[in-house]
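For reference, the structure discussed in these notes is given below.
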Amino acid sequence: MSMIRLENLVKRFGPFTALQTMDLTIENGEFMALLGPSGCGKSTTMNMIAGMEEPSEGRILFGERDMAGVAMGQRGVGFVFQNYAIFTHMTVRQNLSYGLRMTGRPKAEVKARSEAMAELLQLTELLDRPAAGLSVNILQRVAIGRSAVMEPAIFLLDEPLSNVDAAFRAVMRTELKALQRQFKQTMVYVTHDQLEAMTMADRIAVMDHGVLQQVGTPLQIYNAPANLFVARFIGSPGMNLLEGQPVETPEGMAVDLGALGISPVLAPEQAAAALAARGRVVYGFRPEQVTLAARGLTLPVSFVERIGARTILHLGQGAGATKAVFENDHGLGLGQAVVLAPLPEAVRLFDAASGQALKGN
Ligand code: ATP
């Protein structure tokens, strides 16, 4: 049973708390990404799962088994780090087969499994090449293969793609996902790159400053961020967040956004949440979930960013700064006023004081 349960897990380094009371269940066969900015405690969490660090408080269970006091080598986990640890004096084949040989598997099995792994990771042509002299991209692929060939029930990867180049990273995202589908391991994947988390993970645990912020599927996190941190951190660009005051208009509930005007009428769930809100709210909407309309928020274009067919319009300034993403540029230029209407069903409201999403929206 390779379900992982973190119960009230805390890690302190002297007076500094790197991880604050974390509760998380990673299901058997699930691909869980630990996602957050540098220093948020992802590697610390991972190192405790691997058995490289002792928790200060709380428990780690694999299935029903408490891992306290169980040495790293006894946990049955595969681990791949950011910096590949490859034996450069060996060939690719010798590296891939190393673990199997060390555990005394029969020769024919070692050969078959190493070659199948090489095939999966497109290393067949390189099997008899010495590792020394191969590119960083290939070496990281060998490192992943060397761990994966052991078919660990739990596979831990800490930023395995951060040193490989961008094109190769895209290929590896697909391959890692295929690897996990094939072997059905429980996979924990540490990354600061939301694209990796969003494209590969079944669920994402978003962390910041040692605190677990939200756990959910990529779509849940994208559509319904639990708080302002997640709203800003997820999405490229992140969610637009404008502070305002809920108001009742003749057409229905809306948010008064000061100089930007009154928002379009809220959808029923958001309207109910706005009505129940005590104070000021943050009106959030994704840059890609907007239309140009006759009525909405009026903002001047401050910058036009074109990325291939995609255009990111930078609008307004300061607290009112907003972005809108379109598949064509609408011929808009600097200084021109734009009337933007966020899609009502995609709007999310947050409590301005606490930063938490308002209940029910
Ligand atoms: P990164 O991607 O930069 O590694 P991270 O989210 O993985 O970020 P951690 O490496 O888990 O972050 O570190 C979390 C915090 O704990 C950081 O502030 C780090 O400086 C601190 N920390 C980690 N290990 C130690 C240690 N051995 N002693 C003291 N502080 C530590």
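The values are calculated or read from the model by the stated rules, or taken from the named source; none is laboratory data. Keep in mind the model is a prediction, meaning the values are calculated, not measured. No Cβ is skipped: glycine too gets one built from the backbone with ideal geometry, and neighbour counts run over all protein chains shown.
Out of 80, 70, 110, one residue alone is under 20 Å from residue 179 (Cβ atoms) and away from the ligand (no atom under 16 Å from the Cβ). It is 110.
For the residues 329, 351, 256, the requirement of being surrounded by 14 or more Cβ atoms within 10 Å (Cβ to Cβ), under 20 Å from residue 232 (Cα atoms) and charged (D, E, K, R) singles out 351. Among the residues making up the stretch 1-20, those that are away from the ligand (no atom under 15 Å from the Cβ), touching a Gly at 6+ places or on another chain (Cβ under 8 Å) and not aliphatic (A, V, I, L, M) are 2, 7, 8.
Among the residues making up the stretch 101-112, a single one is at pLDDT 95 or above and either surrounded by 15 or more Cβ atoms within 10 Å (Cβ to Cβ) or on the phi > 0 side of the Ramachandran plot (or both): 110. Flag set for residue 36, criterion: within 12 Å of the ligand (Cβ to nearest atom) and modelled with pLDDT of 95 or more. Residue 103 meets the stated requirement of being β-branched (Val, Ile, Thr) and more than 28 Å from the chain's Cα centre (by Cα).
If you go through the stretch 1-50 one residue at a time, how many are part of a loop (DSSP other than H, G, I, E, B) and in contact with a helix residue (DSSP H, G or I) (Cβ under 7 Å, 6 or more places away or on another chain)?
Count: 1.
If you take the residues in the stretch 53-89 that are closer than 19 Å to residue 150 by Cβ, within 25 Å of the chain's Cα centre (by Cα) and surrounded by 14 or more Cβ atoms within 10 Å (Cβ to Cβ), which one is modelled with the lowest pLDDT? Taking the candidates together, the pick is 84.
From the list 193, 158, 208, 202, which one is closer than 29 Å to residue 102 by Cβ, within 13 Å of the chain's Cα centre (by Cα) and acidic (Asp, Glu)?
Numbers: 193 fails: closer than 29 Å to residue 102 by Cβ; 208 fails: closer than 29 Å to residue 102 by Cβ; 202 fails: closer than 29 Å to residue 102 by Cβ.
Of 193, 158, 208, 202, the one residue that is closer than 29 Å to residue 102 by Cβ, within 13 Å of the chain's Cα centre (by Cα) and acidic (Asp, Glu) is 158.
Applying a threshold of 8 Å to beta carbon distances and a minimum spacing of six or more residues, or different chains, the list of pairs starting in the stretch 1-29 at a residue that is closer than 17 Å to residue 40 by Cα and ending at one that is of a type in the set (Phe, Trp, Tyr) and away from the ligand (no atom under 12 Å from the Cβ) is empty. Residues in the stretch 336-348 that are assigned to a strand (DSSP E or B) and surrounded by fewer than 19 Cβ atoms within 10 Å (Cβ to Cβ): 337, 339, 341.
Looking at this structure, is residue 333 within 16 Å of residue 282 (Cα to Cα) and assigned to a loop (DSSP other than H, G, I, E, B)? Before you say what the answer is, go through the steps one by one.
On the way: within 16 Å of residue 282 (Cα to Cα): no; assigned to a loop (DSSP other than H, G, I, E, B): yes.
No, not satisfied.
Each residue in the stretch 170-196 was checked for being away from the ligand (no atom under 16 Å from the Cβ) and either in a helix (DSSP H, G or I) or touching a Cys at 6+ places or on another chain (Cβ under 7 Å) (or both), and 14 pass.
Determine whether the stretch 158-177 contains at least one residue that is closer than 20 Å to residue 2 by Cα and in contact (Cβ under 8 Å) with a residue 40 or more places away in the chain.
Looking only at the stretch 158-177, we keep the residues that are closer than 20 Å to residue 2 by Cα, and these are 158, 176-177.
So of that shortlist, the ones also in contact (Cβ under 8 Å) with a residue 40 or more places away in the chain come out as 158, 177.
Yes.
Let's see how each residue does on (1) assigned to a loop (DSSP other than H, G, I, E, B); (2) surrounded by 17 or more Cβ atoms within 10 Å (Cβ to Cβ); (3) of a type in the set (D, E, K, R):
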{"residue": "222", "(1), (2), (3)": "no, yes, no"}
{"residue": "236", "(1), (2), (3)": "yes, no, no"}
{"residue": "242", "(1), (2), (3)": "no, yes, no"}
{"residue": "283", "(1), (2), (3)": "no, yes, no"}
{"residue": "291", "(1), (2), (3)": "no, no, no"}
{"residue": "298", "(1), (2), (3)": "no, no, no"}
{"residue": "306", "(1), (2), (3)": "no, no, yes"}
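Which condition number in (1) surrounded by fewer than 18 Cβ atoms within 10 Å (Cβ to Cβ); (2) within 16 Å of the ligand (Cβ to nearest atom); (3) at pLDDT 95 or above is the one that residue 44 fails? Evaluating residue 44 over (1) surrounded by fewer than 18 Cβ atoms within 10 Å (Cβ to Cβ); (2) within 16 Å of the ligand (Cβ to nearest atom); (3) at pLDDT 95 or above leaves (1) as the failure. Please work out if residue 211 is buried (at least 20 other Cβ atoms within 10 Å of the Cβ) and either touching a residue at least 12 places away in the same chain (Cβ under 8 Å) or under 17 Å from residue 4 (Cα atoms) (or both). Considered against the rule, which asks whether it is buried (at least 20 other Cβ atoms within 10 Å of the Cβ) and either touching a residue at least 12 places away in the same chain (Cβ under 8 Å) or under 17 Å from residue 4 (Cα atoms) (or both), residue 211 comes out as no.
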